[in-house]
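Notes to accompany the following structure.
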Amino acid sequence: MGDGRATLRLTRYLDAPVIEVWAALTEPDSISRWLARPGAVELAEGGPFELHTAAGAATRIHGRVRAVEPERVLELDWHPVGQEPSVVRFELTPAGPGTTLVLDHRRLDERVCMAYARTWERRLDDLEASVAAVETRR
Amino acid sequence: MNALAALADPTRRRILELLSEGERGAGEIASHFPTSRPGVSRHLRILREHGLVRVREQGQRRLYSLDPAPLEELDAWLERYRVFWTNRLDALDTEVRRRRRARDDKEG
């Protein structure tokens, strides 16, 4: 609390049971299609979770598995080269025939890029706990 | 301390919510909290120092109002991550469907 960091939260319903969403979330072939080209990935606490986000550019993400509970939780240290480290957490919950996925990107450092300018439309209600949290539902 | 750190305190967030409804006097703001009047004054000072509230004098009264500029910056900064993850989760959705189609095809 009070460390000047934010959390971004996105909530998404996916039309497949948790076992399938988990596979899409964690299998290297799938990761390369939805997230980025994976390097070393080992789904165990402390294991690497390396990503290459674009060819040639300095856009490697040094990831490490902080917590893993198959078909439920995947939490990663998220350290893009040249940026402040943060934490990314995926949490799956069965929801009828499908799955609710909650993504939290935590410990985002405000100093990284306060320069971006846009309009403030959302209400203060969106600012929760020590965080500015924004949910989108679909 | 940056704007996020100033927002970390629940009393300060509640003060901003009050001010989002319109300008308020210090006494009126304080009446919403069990905290002592000096306590609320301290929170107002911190909010002012971070540019989150403005103050003007009207006779004996000090009237406080919201300054949305730091919140706009904060939101613009978060927007970058929001766009990134929204795109990635769209792709995950597509991938989940692709896998299901592939499995259905295999099962005939």
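The values are calculated or read from the model by the stated rules, or taken from the named source; none is laboratory data. This one's a predicted model, so the numbers in the text were calculated from it and none came from an experiment. Cβ sites come from the backbone with ideal geometry, for glycine too, and all protein chains shown count toward neighbours. Surface areas here come from the heavy atoms of the whole protein model, side chains and all, with no ligands, DNA or RNA. Shrake-Rupley method; radii C 1.70, N 1.55, O 1.52, S 1.80 Å.
Could we say that residue B:82 is out of contact with any Lys or Arg (no Cβ under 7 Å at 6 or more places or on another chain), closer than 23 Å to residue A:106 by Cβ and of a type in the set (D, E, K, R) here? Here the answer is yes, as residue B:82 does meet what is asked. Note on segment B:56-80: residues that are without any contact (Cβ under 8 Å) to a residue 60 or more places away in the chain and either crowded, with 20+ Cβ neighbours inside 10 Å or in contact with an Asp or Glu (Cβ under 8 Å, 6 or more places away or on another chain) (or both) amount to 7.
Anything in segment A:50-81 that is within 14 Å of residue A:25 (Cα to Cα), surrounded by 17 or more Cβ atoms within 10 Å (Cβ to Cβ) and at pLDDT 95 or above? List them, or say none. Of everything in segment A:50-81, those that are within 14 Å of residue A:25 (Cα to Cα), surrounded by 17 or more Cβ atoms within 10 Å (Cβ to Cβ) and at pLDDT 95 or above turn out to be A:65, A:68, A:71, A:74, A:75, A:76. Each residue in segment B:36-55 was checked for being part of a strand (DSSP E or B) and open to solvent by 30 Å² or more (accessible area, probe 1.4 Å), and 2 pass.
State whether the residues of segment B:21-35 include one that is under 16 Å from the mean Cα position of the chain (by Cα) and either open to solvent by 30 Å² or more (accessible area, probe 1.4 Å) or closer than 25 Å to residue A:8 by Cβ (or both). The answer is yes, given that some residue of segment B:21-35 is under 16 Å from the mean Cα position of the chain (by Cα) and either open to solvent by 30 Å² or more (accessible area, probe 1.4 Å) or closer than 25 Å to residue A:8 by Cβ (or both).
Mind counting the residues in segment B:64-90 that are more than 9 Å from chain A (Cβ to nearest Cβ) and either on the phi > 0 side of the Ramachandran plot or not in a helix (DSSP H, G or I) (or both)? Qualifying residue count for the region: 3.
When residue B:40 is tested against the conditions (1) within 30 Å of residue A:10 (Cβ to Cβ); (2) more than 10 Å from chain A (Cβ to nearest Cβ); (3) among the β-branched types (Val, Ile, Thr), the lone failure is (1).
Residues in segment A:86-110 that are outside any strand (DSSP E or B) and within 22 Å of residue A:16 (Cα to Cα): A:96, A:97.
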